[in-house]
Structure formats: structure tokens, C-alpha cells
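Readers should treat all values here as calculations from the given coordinates under stated rules, not as data from a laboratory. As the structure is a prediction and not an experimental result, all values here were calculated from the model. Virtual Cβ from ideal backbone geometry, glycine too; neighbours counted across all protein chains shown.
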């Protein structure tokens, strides 16, 4: 059985997709771009500022799913310019300081709303950790 998840703490979907889907203990997050969840507008600034907003959006969706960044097992990163990789990576490392997830990073020609970064993620449902620890 699959369950779709949506939260007002992250930007609303801008198309026919869910913010996240939970299936069999695994959470699949749709790609997040640097939209402010309150205004729906793109966050201004360089790739570092946009990466912070994207990862904060991911944290919010994970929380709505009963999970957290420490339970992310895989991310896929789409960068408009791989020349900005080091700035992106500095921010990313702050959000995943220990046991970072597996990751793929690719440069793309264009992203929705002409943003500089988009990230999707796969995570473990938080209830899985609780049952494993008991």
C-alpha cells in the first residue's frame, strides 16, 4: 500500500505529483527546488542560499513523513552549473555531518523556474527505526 504525504511546511507541488510517497517503510521524496513555502517564490541568492532552502524543504517533508535527514539513504542532486559544486557541497555537508547518504550529482541544462539546484531523496520511515530499536 502506498501513502502520499503533503505538508504546508514545504512548497506545494507545482504539478501533478506528491511531495512524498511512502511505500513499505521507504519514503520517496519528489525533487525539491528552492521555493519559499510561505510565498511560493524562488529564494534569491547563490547556489549556497538555494541549497539551504532546498534542504530545509526536504527536512519539512521528511518530518511530515515521520522521518529525518539522518534516515536519508540516497539523494540525487541536479545542479545548473557543476562549477558551483564546492559551494553546494559545503552546505550539503552541514546537513549531513555524519553517515551521509549515497548521492548522485549531475549538471543539467535547465531546472524548473530556472533555479540553480534541485534535490530528490529516498529515506527510511522513522517508525522503522523505532521498531528496530525495541
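Residue-by-condition table, conditions (1) touching a helix residue (DSSP H, G or I) at 6+ places or on another chain (Cβ under 8 Å); (2) under 25 Å from residue 6 (Cβ atoms):
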{"residue": "57", "(1), (2)": "no, yes"}
{"residue": "60", "(1), (2)": "no, yes"}
{"residue": "65", "(1), (2)": "yes, yes"}
{"residue": "74", "(1), (2)": "no, yes"}
{"residue": "78", "(1), (2)": "no, yes"}
{"residue": "98", "(1), (2)": "yes, no"}
{"residue": "107", "(1), (2)": "yes, no"}
{"residue": "126", "(1), (2)": "yes, yes"}
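With 14, 27, 22, 58 as the choices, which residue is crowded, with 17+ Cβ neighbours inside 10 Å, in contact (Cβ under 8 Å) with a residue 40 or more places away in the chain and over 13 Å from the mean Cα position of the chain (by Cα)?
Step by step, each of 14, 27, 22, 58 is checked, and only 22 is crowded, with 17+ Cβ neighbours inside 10 Å, in contact (Cβ under 8 Å) with a residue 40 or more places away in the chain and over 13 Å from the mean Cα position of the chain (by Cα).
Which of the residues belonging to the range 41-54 are out of contact with any strand residue (DSSP E or B) (no Cβ under 7 Å at 6 or more places or on another chain) and either exposed (fewer than 11 other Cβ atoms within 10 Å of the Cβ) or part of a helix (DSSP H, G or I) (or both)?
Within the range 41-54, 44, 48, 49, 52, 53 qualify.
Just checking, which of 91, 73, 106 is more than 27 Å from residue 24 (Cβ to Cβ), touching a residue at least 24 places away in the same chain (Cβ under 8 Å) and not in a helix (DSSP H, G or I)? Explain how you work it out, then say what you get.
Values: 91 fails: not in a helix (DSSP H, G or I); 73 fails: more than 27 Å from residue 24 (Cβ to Cβ).
Within the list 91, 73, 106, the selection yields 106.
Consider residue 102 against the criteria (1) touching a helix residue (DSSP H, G or I) at 6+ places or on another chain (Cβ under 8 Å); (2) surrounded by fewer than 13 Cβ atoms within 10 Å (Cβ to Cβ): it satisfies all of them except one. Which criterion is unmet?
With respect to (1) touching a helix residue (DSSP H, G or I) at 6+ places or on another chain (Cβ under 8 Å); (2) surrounded by fewer than 13 Cβ atoms within 10 Å (Cβ to Cβ), residue 102 is out only on (1).
Within the range 33-44, does at least one residue satisfy the condition of being under 20 Å from residue 103 (Cβ atoms) and touching a residue at least 24 places away in the same chain (Cβ under 8 Å)?
First pass over the range 33-44, keeping only residues under 20 Å from residue 103 (Cβ atoms): 33-34.
So of that shortlist, the ones also touching a residue at least 24 places away in the same chain (Cβ under 8 Å) come out as 33-34.
Yes: one or more hits.
Confirm whether residue 82 is in contact (Cβ under 8 Å) with a residue 24 or more places away in the chain and either surrounded by 20 or more Cβ atoms within 10 Å (Cβ to Cβ) or touching a helix residue (DSSP H, G or I) at 6+ places or on another chain (Cβ under 6 Å) (or both).
When the stated conditions are applied, residue 82 does not pass them.
Take residue 126 and tell me if it is touching a residue at least 60 places away in the same chain (Cβ under 8 Å) and either surrounded by 18 or more Cβ atoms within 10 Å (Cβ to Cβ) or more than 15 Å from residue 30 (Cβ to Cβ) (or both). Spell out how you get there, then give the answer.
Details: touching a residue at least 60 places away in the same chain (Cβ under 8 Å): yes; either surrounded by 18 or more Cβ atoms within 10 Å (Cβ to Cβ) or more than 15 Å from residue 30 (Cβ to Cβ) (or both): yes.
Yes; evaluated as a whole, the condition is true for this residue.
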